[in-house]
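Below you'll find the structure, written out as structure tokens, and then a few comments.
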Amino acid sequence: MEQQTLFGGDDTRPLAARLRPQTLADFVGQTHLLGKGKVLRRLIERDQISSMIFWGPPGVGKTTLARIIAGQTKAAFIDFSAVTSGIKEIRQVMQQAEDGRRFGERTILFVDEIHRFNKAQQDAFLPFVEKGSIILIGATTENPSFEVNGALLSRCKVFVLHALTADELTTLLDRALTDPRGFGGQHIVIAPDMLAAVARFANGDARTALSTLEMLVLNGETTGDTVTISPETLAQCTSQRSLLYDKTGDQHYDLISALHKSMRNSDPDAAVYWLARMLEAGEDPLYVARRVIRFASEDIGLADAHALEIAVAAYQACHFIGMPECTVHLTHAVVYLSLAPKSNALYMAYEHAKQDALTQLAEPVPLAIRNAPTRLMHELGYGAGYQYAHATADKLTTMQCLPDALADRSYYRPTEQGLEAKYKARLAQIKAWKKQHRPRP
């Protein structure tokens with residue numbers, strides 16, 4: 001926790017810190033929020049900030065926006081870290097803000113990584129936000145719907161910040177080469193296509209882009225006042241990209257959803273891409289394989305019953321040999337399932353049956369299909385009227401297996417997709433036979 005001060009120059013700081021924008025005019029990206037006439041820009045320019053949360057991936061300007069607000073506001077601005085602060089520090093700051101409120105002074109409290117605060121710590125802010133003692137600005141990389149208390153979230157405006165585009169990152173890199181705070185005092189020789197490669201490598205993260213450029217310059221070939229960046233140096237500094245991925249957060253669920261829906265949409269190219277995104281970011285291949293197994297029955301079912309066998313085999317292969325060799329087995333399954341005919345009839349059958357099971361009267365199992373392992377149960381009528389299908393010529397009987405109240409229910413409704421058309425025809429034959437042979441009342 002520290003009181004915000006004027007920004008000072010320090011040549012030993014990392015390039016990203018030296019080039020941090022101090023005004024909206026220098027800020028790059030987030031035009032949907034900061035473009036001319038946009039709501040957040042107007043709030044900052046008019047110093048009419050209310051409690052808000054900045055939500056977005058790393059390196060997109062959340063902290064920078066808070067510092068720009070600090071430079072423009074007439075309110076006291078306190079920078080607070082969720083990583084190093086606890087309840088004691090929160091209470092001290094809240095008392096300081098309350099004292100200021102009594103004298104008509106506004107206090108803006110910036111909480112970086114607010115998602116790291118637990119419920120009790122977040123609750124400590126709530127009464128002071130309600131009273132107006134503080135204007136809370138939180139920054140988070142996690143979905144605030146899940147990580148911020150509902151009561152606190154309802155009092156904050158959420159602004160979603162997006163990953164920077166390649167063009168926006170290239171603009172930042174060009175500025176770093178000419179700005180005196182960056183490499184403006186040096187002659188850096190780097191081809192435009194190499195800058196574009198750095199922008200792509202950064203994956204929307206300005207901090208990563210500038211840090212990579214700094215690494216290139218430090219490892220460039222120096223001749224007098226000129227530093228030349230070679231393709232070989234670029235290749236070494238961008239050999240391994242760290243993909244943004246949190247195995248318990250939004251990225252985890254967003255990417256598995258993308259994989260599932262790409263397969264459902266019969267798009268093997270998209271499905272393999274999302275598969276690679278997850279596996280190369282460190283996702284457990286067995287988790288992916290389990291989701292693929294679910295897909296085989298939920299979205300394909302009897303349209304191609306072989307799909308489930310392929311999915312289970314892929315899971316076993318992942319279990320046997322692990323990463324990275326099992327990537328090809330998961331690709332095998334994902335492509336097969338993407339191209340297979342689709343039917344959600346099994347999924348819908350269960351959902352409809354579940355609804356009845358949860359909402360209808362829980363009627364007893366019909367006596368005819370109850371087991372009767374004891375004499376007493378036999379005497380009570382268990383198994384009475386049971387018809388053994390194998391003992392009939394057509395291997396079918398007219399015995400009712402559903403409770404009376406649900407006797408006319410139809411849960412499984414096959415489609416015409418793939419092999420399920422055959423099962424649909426078979427089911428129609430069975431129902432027609434039972435209707436024809438059903439005893440008349």
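The values are calculated or read from the model by the stated rules, or taken from the named source; none is laboratory data. No experiment lies behind these values; they were computed from the predicted model shown. All Cβ positions, glycine included, derive from the backbone under ideal geometry; neighbour counts span all protein chains shown. Calculation scope for accessible area: heavy atoms of the full protein, side chains included, ligands and nucleic acids excluded. Shrake-Rupley method; radii C 1.70, N 1.55, O 1.52, S 1.80 Å.
Summary of values
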{"item": "Per-region count, segment 402-441, residues within 19 Å of Gln355 (Cβ to Cβ) and of a type in the set (A, V, I, L, M, F, W, C)", "result": "4"}
{"item": "Filter pass, Val83 being at pLDDT below 90 and of a type outside the set (D, E, K, R)", "result": "yes"}
{"item": "Leu330 vs. criteria assigned to a helix (DSSP H, G or I) and either of a type in the set (Ser, Thr, Tyr) or over 29 Å from the mean Cα position of the chain (by Cα) (or both)", "result": "no"}
{"item": "Looking only at segment 21-62, and only at residues there that are farther than 22 Å from Thr170 by Cβ and of a type in the set (Phe, Trp, Tyr), the one that is surrounded by the fewest Cβ atoms within 10 Å (Cβ to Cβ)", "result": "Trp55"}
{"item": "Residues of segment 427-441 that turn out to be over 42 Å from the mean Cα position of the chain (by Cα) and either within 30 Å of Leu339 (Cβ to Cβ) or among the β-branched types (Val, Ile, Thr) (or both), as a count", "result": "3"}
{"item": "Some residue of segment 417-434 being modelled with pLDDT of 90 or more, among the aliphatic types (A, V, I, L, M) and crowded, with 16+ Cβ neighbours inside 10 Å", "result": "yes"}
{"item": "Cβ-Cβ under 6 Å pairs, at least 6 apart or on other chains, segment 216-236 side farther than 14 Å from Gln186 by Cα, far side not in a helix (DSSP H, G or I) and not acidic (Asp, Glu)", "result": "Thr233/Asn219"}
{"item": "Residues within segment 18-76 that are within 23 Å of the chain's Cα centre (by Cα) and in a loop (DSSP other than H, G, I, E, B), tallied", "result": "8"}
{"item": "Condition check for Leu406: of a type in the set (A, V, I, L, M, F, W, C), closer than 29 Å to Gln436 by Cβ and at pLDDT 85 or above", "result": "yes"}
{"item": "Hits in segment 178-199 (condition: open to solvent by 20 Å² or more (accessible area, probe 1.4 Å) and under 35 Å from the mean Cα position of the chain (by Cα))", "result": "Pro192, Asp193, Ala196, Ala197"}
{"item": "Failed item, numbered, when Val158 is tested on (1) out of contact with any Leu (no Cβ under 9 Å at 6 or more places or on another chain); (2) surrounded by fewer than 15 Cβ atoms within 10 Å (Cβ to Cβ)", "result": "(2)"}
{"item": "Count of residues meeting criterion [touching a strand residue (DSSP E or B) at 6+ places or on another chain (Cβ under 7 Å) and assigned to a helix (DSSP H, G or I)] in segment 164-204", "result": "1"}
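Residues checked against (1) out of contact with any Leu (no Cβ under 9 Å at 6 or more places or on another chain); (2) under 19 Å from Met52 (Cα atoms):
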site: Lys74; (1), (2): yes, yes
site: Phe77; (1), (2): no, yes
site: Ile90; (1), (2): yes, yes
site: Gln96; (1), (2): yes, no
site: Gly100; (1), (2): yes, no
site: Phe103; (1), (2): yes, no
site: Lys119; (1), (2): yes, yes
site: Gln122; (1), (2): no, yes
site: Leu136; (1), (2): no, yes
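Results for (1) of a type in the set (Val, Ile, Thr); (2) farther than 22 Å from Leu419 by Cα; (3) outside any helix (DSSP H, G or I); (4) more than 15 Å from the chain's Cα centre (by Cα), shown as yes or no for each residue.
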{"position": "Tyr253", "(1), (2), (3), (4)": "no, yes, no, no"}
{"position": "Ala258", "(1), (2), (3), (4)": "no, yes, no, no"}
{"position": "Ser266", "(1), (2), (3), (4)": "no, no, yes, yes"}
{"position": "Tyr273", "(1), (2), (3), (4)": "no, yes, no, yes"}
{"position": "Arg291", "(1), (2), (3), (4)": "no, yes, no, yes"}
{"position": "Arg294", "(1), (2), (3), (4)": "no, no, no, yes"}
{"position": "Asp299", "(1), (2), (3), (4)": "no, no, no, yes"}
{"position": "Ala303", "(1), (2), (3), (4)": "no, no, no, yes"}
